[in-house]
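Any read-out appearing in this document is the output of simple, stated calculations on the displayed coordinates, not a laboratory observation. Predicted model, so just to flag it, every value in this text is computed and none were measured. All Cβ positions, glycine included, derive from the backbone under ideal geometry; neighbour counts span all protein chains shown.
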Amino acid sequence: MLTSDKIKIGVLISGRGSNLEAILNAISSGELNATIEVVISNNMHAPGLHVAREHGVPKILTLDALAYASPQEYETHIIEELKSDGVQLLVLAGYMKIVGPTLLSAFKDHMMNIHPSLLPSFKGLNAQKQALEAGVKVSGCTVHFVTDDLDGGPIILQQAVLVSDDDTESSLSHRILLSEQDIYKKAIQLYSEKRLVIDGQFVRILPEGGMS
């Protein structure tokens, strides 16, 4: 259920921005009660930057981590930019950098990521390839809160995708991406409705109405 109070989102990207675009489209269509205040990329050539510009995101930045004296200084700059725009939820959308303790501390329980597997299976890079090599019949994607455990934070939502005998890494990745775009916006909307409660390693989803 949409309310008048839109949450302010910041998005970190490194690549094509497919999930960023899906979130922006969900906002435009009214499915998602949010605004994207800032998009930050660690890759100045990321196609997702063009996606952000096309959708009129008010602040778009590229920050080269190697230009900073330390990872802490790099993440401190990110935090300053996010906080200056009142960002409440930080969304990782193809951000190909491990999040460090500085950023984790600033957005504890308020940072989401999406991973192209049914976690805890196939963590890390090339999850779709890992799934094919393992011979699984079902793969999928997972939205989770980000912690210092790589791809191991509390799971919010998952969606299964059947694996065909003739699947390639490309074909499976495409179908999983469609599912990613579906459940990421749903997870963000649940957050905006205050319906997500972290209980240790578990996320409880409250009924409509959320928390007061």
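Packing-wise, with mean Cβ within 10 Å as the measure, how do 87-100, 117-130, 161-174 rank, highest first?
So the order, starting with the most tightly packed, is 87-100, 117-130, 161-174.
Quick check: pseudo-label points 7 Å beyond the Cα along Cα→Cβ at A67 and E169, how many nm apart are they?
A separation of 3.1 nm, rounded to one decimal place.
Cβ neighbours within 10 Å, averaged per peptide: list 181-192, 45-56, 66-77 in order, most packed at the top.
So the peptides 181-192, 45-56, 66-77, ranked by packing, come out 181-192, 45-56, 66-77.
Using a Förster distance of 22 angstrom, determine the FRET efficiency expected from the C-beta separation of T35 and S105, and round it to 0.05.
For T35 and S105, the calculated efficiency is 0.35.
Based on the alpha-carbon gyration tensor of the range 69-209, what equivalent-ellipsoid semi-axes (square roots of 5 times the eigenvalues) come out, in whole Å, largest first?
Three semi-axes, in Å: 28, 19, 13.
Counting only Cα, what are the radius of gyration and maximum Cα-Cα distance Dmax of the range 1-56, in Å?
When restricted to the Cα atoms of the range 1-56, Rg and Dmax are 11.5, 37 Å.
How high is the relative contact order of the range 113-212, given as a whole-number percent (alpha carbon pairs under 8 Å, six or more residues apart)?
This gives 24 percent for the range 113-212.
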